[in-house]
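Quick notes on the structure that follows.
The values are calculated or read from the model by the stated rules, or taken from the named source; none is laboratory data. Nothing here was measured: the structure is a model prediction, and the numbers come from that model. Cβ: placed from backbone, ideal geometry, glycine included. Neighbour counts: every protein chain shown. With ligands, DNA and RNA removed, areas are computed over all heavy atoms of the protein, side chains included. Shrake-Rupley method; radii C 1.70, N 1.55, O 1.52, S 1.80 Å.
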Amino acid sequence: MTTGTPVAVVTGASSGIGAATARRLAAAGYHVVLAARRAERIEALAGELVSAGHRATAHTLDVTDRAAVDAFAAGLDRCDVLINNAGGALGADPVATGDPADWRRMFEVNVIGTLHTTQALLPALTESGDGTVVVLTSTAGHGTYEGGAGYVAAKHGAHVLAETLRLEIVGTPVRVIEIAPGMVRTEEFATTRFHGDAEKAAKVYAGVPEPLTADDIADTITWAVTRPPHVNIDLLMVRPRVQASNTKVHREL
Ligand code: 8X3
């Protein structure tokens, strides 16, 4: 195993689950490499982590840009953990009227983006002697719901990527962990899904006493990543107590 400070790359680290995970992994002793499109946000977070005595670096990156991902990977000295967090939902329309551009973008970020970073960093993860790939999917990667088809299809794609990779690289020193969150209230997920419509976004969480927070998922990710190397948490589905399934949520209205 490589000695020295282990490096964890977190994509989509500018907000939500990505930013919370970067905070937790930095506190757990990793040098976190924050990768996201929004430079200002990741630079501010890296600065905050460094001021707190942690190790952190910011790298502006669009995971859908393969050449940029390859250049990013080539610039890293090492990589022990890859958190494929960049992703999200666009639209909540029925199949009959969903926007193909939304579907395409969701495939690009959630599936192809994860493919890009995983392919580019797999050599370094293997070289580390104890590598971990985390794929952030969703409960939407395991069951559908009305209005969710585009996102559900993309997250099923990410789930299949994780499951297949685990089969293909067994015997190498790299684990593949899938974390599938249910309802998590973050500052951006629902607003992005509804193309900035804050009213529609608020309805997603209306009356839900306690949705999960980004930090709940960051905590789960950090727990899974910090298990001993021979322990592989294949898949963890995490929902708030008030959500029994993708379509059964307790609301107090
Ligand atoms: C988020 C869960 O229910 O919005 O990944 O699809 S849901």
Each label point is 7 Å from the Cα along the Cα-to-Cβ direction; what then is the distance between the points at Arg66 and Leu253, in nm? 4.6 nm
May I ask what percent, to the nearest 5, of DSSP beta bridges between residues of the chain are antiparallel? 5 percent
Rh (Kirkwood; distinct C-alpha pairs) - region 31-181, Å: 16.3 Å
Between the residues Ala190, Gly129, Gly143, the Cα farthest towards the positive end of the dipole of the chain, that dipole coming from +1 and -1 charges on the beta-carbon of Lys, Arg, Asp and Glu, is from Gly143
What angle do you read, to the nearest 10 degrees and between 0 and 90, between the alpha-carbon axis of helix 214-225 and the longest principal axis of the chain? 40 degrees
Would you mind checking the tilt of helix 39-51 against the longest principal axis of the Cα atoms of the chain, expressed as 0 to 90 degrees and rounded to 10? 60 degrees
Can you list, largest first and rounded to whole Å, the semi-axes you get for the chain by taking the square root of 5 times each eigenvalue of its Cα gyration tensor? 29, 19, 18
The alpha-carbon center of region 163-218 and that of region 59-121 are separated, in whole Å, by 15 Å
Please give every one of the aspartates and glutamates within straight-line cross-link reach of Lys200, meaning a C-alpha to C-alpha distance under 19 Å, and leave out same-chain neighbours fewer than 8 residues apart. Asp93, Asp99, Asp102, Glu146, Glu187, Glu188, Glu210, Glu252
Setting aside same-chain residues fewer than 8 positions from Lys155, which lysines have a Cα under 21 Å from its Cα? Lys248
Kirkwood-type radius of region 1-108, with distances r between different C-alpha atoms, in Å: 14.8 Å
Binning at 5 angstrom from zero up to the longest distance, how are the C-alpha pair distances of region 179-253 distributed in percent? 3, 14, 22, 20, 18, 10, 6, 4, 2, 0
Accessible surface of region 149-245, 1.4 Å probe, proportion on carbon and sulfur as whole %: 57 percent
Taking the Cα atoms only, what angle lies between the long axis of helix 149-168 and the longest principal axis of the chain, rounded to 10 degrees? 30 degrees
Normalised per residue, the volume inside the convex hull of the alpha-carbon atoms of region 108-253 in Å³ amounts to 114 Å³
Amide H to amide H, which residues 5 or more places from Asp130 or on other chains are under 5 Å from it, using H placed in the peptide plane? Thr2
